[in-house]
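Peer 1: Pasting in a structure now, in C-alpha cells, and then I'll have a few things to ask.
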Amino acid sequence: MRASDADRERVAEVLRAAAAEGRLDLDEVDERLHRVYAARTYGELEPITRDLPAARSAPMPLDGLPPRPGEVPAAGRAVAVMSGFTRRGPWIPPRIFSCLAFWGGGTIDLREARMLHGEVKIRAFAVMGGVNVIVPEDAEVHVTGMGLMGGFGHDAAGPGRHGAPRIVVTGFAFWGGVTVERRRRKRRAPEA
C-alpha cells in the first residue's frame, strides 16, 4: 500500500522526538529522514522506527490499509442499561472508548480491530453489571481500574510484542465486574 505525505510526516515526527530524547544521534536522524522521504509504501516506512518506543504513538495502520476520511474517531462510547452491547470483529477503536454497564453487560473484543492509534484507552464502568475486554495476546496491556464490592481483573496486564499496540484499561466496578483477558487473534478466512 502506497504511503502518503502525511504518513511520511508522522514517521519523521517520531524520529525528531527520538532525537530530542537522545535515542538517536544527528547522523542517525539524518540517514533515517532520507529513507522516510524516499519511502513509497508502508512496508518501507515501518522498519525505520521499529526500534523506537515512540513509534507506538504513530498512527500507522497495522493491516496496511489507510483510514478513510471520518474513519478515525477521537472518542467513542457504549452504554448498556438493563441490556447489552458488543464491539467485535473488524472495527476501529478510537483513542478513548468509554463504556457503562448498568444492570447489563458488554463485550469489547480488540482481536480483529484495526488499531490506528499507538495507544487505545478503554474506560470501563460496571454497576451491578459486567464488562468483558478481550485483548490480543501480543498487545502491551496496562490495567489500572478498581472494584468496590465488585471485581476488576488485572491478570491480563503485562508487556507485549515489540511494536504491538498499547491498551490501557481503567475504570470502576461497583457490585459488578470488569474482566480483561488475553486471547489469540482470530484467523481470517482465506479470500477466494
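Peer 1: What are the pairs, 6+ residues apart or on separate chains, where a residue within the range 25-37 that is free of Cβ contacts under 8 Å to residues at least 60 places away in the same chain has its Cβ under 8 Å from a residue that is charged (D, E, K, R) and in a helix (DSSP H, G or I)?
Peer 2: If the second residue must be charged (D, E, K, R) and in a helix (DSSP H, G or I), the pairs left are Val29/Arg16; Arg35/Glu44; Val36/Arg8; Tyr37/Arg8.
Peer 1: Would you point out which residue out of Pro90, Pro136, Pro159 is surrounded by fewer than 20 Cβ atoms within 10 Å (Cβ to Cβ) and in contact with a Lys or Arg (Cβ under 7 Å, 6 or more places away or on another chain)?
Peer 2: Working: Pro136 fails: surrounded by fewer than 20 Cβ atoms within 10 Å (Cβ to Cβ); Pro159 fails: in contact with a Lys or Arg (Cβ under 7 Å, 6 or more places away or on another chain).
Matching residue, one of Pro90, Pro136, Pro159: Pro90.
Peer 1: Let me ask another. Which members of the range 1-37 meet the condition of being in a helix (DSSP H, G or I) and in contact with an Asp or Glu (Cβ under 8 Å, 6 or more places away or on another chain)?
Peer 2: Ala19, Arg35
Peer 1: Being under 18 Å from Phe97 (Cβ atoms) and either buried (at least 16 other Cβ atoms within 10 Å of the Cβ) or under 14 Å from the mean Cα position of the chain (by Cα) (or both) is the filter here, so list the residues in the range 139-156 that pass it.
Peer 2: Answer for the range 139-156, where residues must be under 18 Å from Phe97 (Cβ atoms) and either buried (at least 16 other Cβ atoms within 10 Å of the Cβ) or under 14 Å from the mean Cα position of the chain (by Cα) (or both): Ala139, Glu140, Val141, His142, Val143, Gly145, Phe152, Gly153, Ala156.
Peer 1: Is one or more of the residues making up the range 180-189 outside any loop (DSSP other than H, G, I, E, B), in contact (Cβ under 8 Å) with a residue 24 or more places away in the chain and surrounded by 15 or more Cβ atoms within 10 Å (Cβ to Cβ)?
Peer 2: Taking every residue of the range 180-189 in turn, at least one turns out to be outside any loop (DSSP other than H, G, I, E, B), in contact (Cβ under 8 Å) with a residue 24 or more places away in the chain and surrounded by 15 or more Cβ atoms within 10 Å (Cβ to Cβ).
Peer 1: Which of the residues spanning the range 93-114 are in a loop (DSSP other than H, G, I, E, B), among the hydrophobic types (A, V, I, L, M, F, W, C) and open to solvent by 10 Å² or more (accessible area, probe 1.4 Å)?
Peer 2: Trp103, Ala113 - these are the residues of the range 93-114 that are in a loop (DSSP other than H, G, I, E, B), among the hydrophobic types (A, V, I, L, M, F, W, C) and open to solvent by 10 Å² or more (accessible area, probe 1.4 Å).
Peer 1: Now, a different point. Applying the selection to the range 127-179, what residues are outside any strand (DSSP E or B), among the aliphatic types (A, V, I, L, M), touching a Phe, Trp or Tyr at 6+ places or on another chain (Cβ under 7 Å) and touching a residue at least 40 places away in the same chain (Cβ under 8 Å)?
Peer 2: Within the range 127-179, Met128 is the sole residue that qualifies.
Peer 1: Working only within the range 1-29, note down all residues that are of a type in the set (A, V, I, L, M, F, W, C) and farther than 20 Å from His117 by Cβ.
Peer 2: Residues satisfying the conditions are Ala19, Ala20, Leu24, Leu26, Val29.
Peer 1: Filter the range 90-108 down to the residues that are touching a strand residue (DSSP E or B) at 6+ places or on another chain (Cβ under 6 Å) and among the aliphatic types (A, V, I, L, M), then identify the one that is farthest from Ala80 (Cα to Cα).
Peer 2: So, considering only residues that are touching a strand residue (DSSP E or B) at 6+ places or on another chain (Cβ under 6 Å) and among the aliphatic types (A, V, I, L, M), the one farthest from Ala80 (Cα to Cα) is Ile96.
Peer 1: Asp138 is checked against (1) in contact with a strand residue (DSSP E or B) (Cβ under 7 Å, 6 or more places away or on another chain); (2) at pLDDT below 95; (3) of a type outside the set (Gly, Ala, Ser) and fails just one. What number does that condition carry?
Peer 2: Here Asp138 clears every test but (1).
Peer 1: Answer with yes or no whether Ala124 is among the hydrophobic types (A, V, I, L, M, F, W, C), farther than 21 Å from Lys186 by Cβ and touching a residue at least 60 places away in the same chain (Cβ under 8 Å).
Peer 2: Considered against the rule, which asks whether it is among the hydrophobic types (A, V, I, L, M, F, W, C), farther than 21 Å from Lys186 by Cβ and touching a residue at least 60 places away in the same chain (Cβ under 8 Å), Ala124 comes out as no.
Peer 1: Looking at the range 160-192, which of its residues are over 25 Å from Gly104 (Cα atoms) and at pLDDT 90 or above?
Peer 2: Scanning the range 160-192 gives a single hit, Arg166.
Peer 1: Is it the case that the range 30-42 has a residue that's at pLDDT below 80, open to solvent by 60 Å² or more (accessible area, probe 1.4 Å) and under 17 Å from Gly118 (Cβ atoms)? Full working, then the answer.
Peer 2: Initial filter on the range 30-42 (at pLDDT below 80): 42.
From what is left, the residues that are open to solvent by 60 Å² or more (accessible area, probe 1.4 Å) are none.
So far as the range 30-42 goes, no, none of its residues is at pLDDT below 80, open to solvent by 60 Å² or more (accessible area, probe 1.4 Å) and under 17 Å from Gly118 (Cβ atoms).
The values are calculated or read from the model by the stated rules, or taken from the named source; none is laboratory data. For clarity, every value in this text was computed on a predicted model and none was experimentally measured. Counting neighbours? That spans all protein chains shown, and the Cβs are built from the backbone with ideal geometry, glycine included. With ligands, DNA and RNA removed, areas are computed over all heavy atoms of the protein, side chains included. Shrake-Rupley method; radii C 1.70, N 1.55, O 1.52, S 1.80 Å.
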